[in-house]
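> Structure in structure tokens, see below.
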Amino acid sequence: MRKNEYLALVAMEECAEIQQALSKAIRFGFDDHPPSRADETNEEQLLTEFYQLTAMIEEMQNKGIICLLYTSRCV
């Protein structure tokens, strides 16, 4: 697997984790938390997944795999 494929795959997995975090937040409430994670609300988990996806997108941009339209950092 090439680096660009790996980064795209990890970004795709982060999207799935955001979907799961949103589903839990909608079902149980954004302020609720799972019993196994009393120190993190569903909202905080959602934001963690969002930040991880953002980091992957930035890494893909830095490697020249994608070019975000609103920037001039295209390779």
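The values are calculated or read from the model by the stated rules, or taken from the named source; none is laboratory data. Bear in mind that the values here come from a model prediction, so they are computed numbers and not experimental data. Reconstructed Cβ throughout: ideal geometry from the backbone, glycine too, with neighbour counts over all protein chains shown. Please note that ligands, DNA and RNA were not included when accessible areas were found on the heavy atoms of the full protein model with its side chains. Shrake-Rupley method; radii C 1.70, N 1.55, O 1.52, S 1.80 Å.
> Work out the P(r) tail for the chain: percent of alpha carbon pairs separated by more than 15 Å, whole number.
Above the 15 Å cut-off, the chain has 60 percent of its Cα pairs.
> Just add up the charged neighbours of GLU17: K/R +1, D/E -1, any other residue whose Cβ is under 15 Å from the Cβ of GLU17.
Result for the local shell: -4.
> Continuing with the same structure: Taking the Cα centre of the chain as the origin and placing charges on Cβ (Lys, Arg +1; Asp, Glu -1), which of LEU22, LEU53, MET1 is farthest toward the positive end of the dipole?
MET1
> Another question, if that's okay. Per-residue counts of other Cβ atoms within 10 Å, averaged by peptide: what ranking do you get for 20-26, 1-7, highest first?
The most tightly packed comes first, giving 20-26, 1-7.
> On C-alpha positions alone, give me the angle between the axis of helix 42-62 and the longest principal axis of the chain, in degrees, nearest 10.
The two axes meet at around 10 degrees.
> Ok, one more. Between 0 and 90 degrees, rounded to the nearest ten: what's the tilt of helix 3-28 against the longest Cα principal axis of the chain?
20
> Report the charge-dipole magnitude of the chain in Debye, nearest 20, computed about the Cα centre from +1 at each Lys and Arg Cβ and -1 at each Asp and Glu Cβ.
For this selection, approximately 440 debye.
> Please calculate the 1.4 Å probe accessible area of THR41, with all protein chains present, and give it to the nearest 10 Å².
THR41 has an accessible surface of roughly 40 Å² with all protein chains in place.
> Determine, from the Cβ-Cβ distance of MET12 and GLN61 and an R0 of 22 Å, the FRET efficiency 1/(1 + (r/R0)^6), rounded to the nearest 0.05.
The value I calculate is 0.90.
> Counting only heavy atoms of the protein chains, get the accessible area per residue of the chain (1.4 Å probe) and round it to a whole Å² value.
74
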